[in-house]
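Just so it is clear, none of the values below were taken in a lab; they were calculated from the coordinates. Just so it is clear, the model here is predicted, and its values are computed rather than measured.
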Amino acid sequence: MEFGETIVAVVGIVFTFGMPTLWFKWWLNHRDQAQRGPAVSSASDERIARIEQAVDAIAIEVERISEGQRFTTKLLSDRVAIPSDRREV
């Protein structure tokens, strides 16, 4: 076997076994990344935490407003229930 034939044989073996191995490793890496989903940075985590706190604060304020509305409605409905002759006093 001559030197040129040896090189051709080695290159052929490398491509025959090396390329499928590299492709398989690449495929496994991309498959694992797809299963994990997109990476979320710590800045995004902090931002989401601040948004959650803001939404909680808004929910508390809305509950306070609705409680005040219920109180006002109750006062107005009680006022209507008073007989008309007592209101003039």
Exercise. What are the ³J(HN,Hα) values, in whole Hz, obtained from phi via the Karplus relation 6.51 cos²θ - 1.76 cosθ + 1.60 with θ = phi - 60°, for each residue of segment 74-79 in sequence order, with x given for Gly and Pro?
Worked result: 5, 4, 5, 6, 5, 5
Problem set entry | Backbone HN-Hα couplings from phi across segment 11-28 [Karplus 6.51/-1.76/1.60, Hz, Gly and Pro as x] | 4, x, 5, 4, 5, 5, 9, x, 5, x, 5, 4, 4, 5, 4, 4, 4, 4
